[in-house]
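Asks: Supplied in structure tokens, the structure appears directly below.
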């Protein structure tokens, strides 16, 4: 009887450890489990998305307001198309807002920075399914180093 009780306690301990591990994984990956009823979708085209991935955050001044849900290639224009899912609480961005692909730190993860545009009586707010036209692609570190080396070598001549 004592052995059975110990086995049961060990089983409960292992299950609670597994549950704690799953919670830790979700927190580290910054995954929120909630319904899609409180979101809206935006679409944007970029000339270069660098290392942007699905589930990358969309931030305004460091605050996460949405996530990247899809990255595809437009078959006609041959440019990357990024689909964003924005939190419905943040639905007051004017259509003059701009998106830029930024990097956390020097070699950190890439995310989308949303800069709110100017407000005017003629300007409407971004809504579900709208396209953001003002976009800036990712800065590629290798390209910048190459330009620096090229400019330094042209000065030597």
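Read-outs throughout are calculated quantities, based only on the coordinates presented, and are distinct from any laboratory measurement. Here the structure is a predicted model, which is why all the values come from computation and not from measurement. Reconstructed Cβ throughout: ideal geometry from the backbone, glycine too, with neighbour counts over all protein chains shown.
Asks: Can you give me the distance in nm between label points at residue 142 and residue 107, each placed 7 Å from the Cα along the Cα-to-Cβ direction?
Replies: Each label point lies 7 Å from its Cα, and together they span 1.4 nm.
Asks: To the nearest 10 degrees, how steep is helix 141-156 against the longest Cα principal axis of the chain, on a 0 to 90 scale?
Replies: Its long axis makes an angle of about 40 degrees.
Asks: Hey, rough spin-label estimate for residue 48 and residue 153, points 7 angstrom out along Cα→Cβ, what's it come to in nanometres?
Replies: A separation of 1.8 nm, rounded to one decimal place.
Asks: Once fully extended, how much extra length lies between residue 70 and residue 118, figured as 0.36 nm per residue of separation less the alpha-carbon to alpha-carbon distance?
Replies: 14.5 nm
Asks: Next up: Mean residue ellipticity at 222 nm from the helices of the chain, using -39,500 (n - 2.57) per DSSP H segment of n ≥ 4 over the full residue count, to the nearest 500 deg cm²/dmol?
Replies: -9500 deg cm²/dmol
Asks: Can I ask one more? Taking the Cβ-Cβ separation of residue 92 and residue 55 as r and a Förster radius of 22 Å, what is the calculated FRET efficiency to the nearest 0.05?
Replies: 0.35
Asks: I would also like to ask the following. Just checking my list [x] 8.1; [y] 10.6; [z] 16.7 against mean projected area of the Cα convex hull in nm² computed from this structure; which label fits?
Replies: Identified label for the calculated read-out: [z].
Asks: Still on this structure: What is the calculated FRET efficiency for residue 83 to residue 8, with r their C-beta to C-beta distance and R₀ = 35 Å, to the nearest 0.05?
Replies: According to the calculation, E is roughly 0.15.
Asks: Please determine, in degrees from 0 to 90 and to the nearest 10, the orientation of helix 2-28 with respect to the longest principal axis defined by the Cα atoms of the chain, where the helix direction is its Cα long axis.
Replies: Orientation of helix 2-28: about 10 degrees from the principal axis.
Asks: Round to the nearest 0.05 the FRET efficiency obtained for residue 127 and residue 26 when R0 = 41 Å and r is the Cβ-Cβ distance.
Replies: With a Förster radius of 41 Å, E is 0.85.
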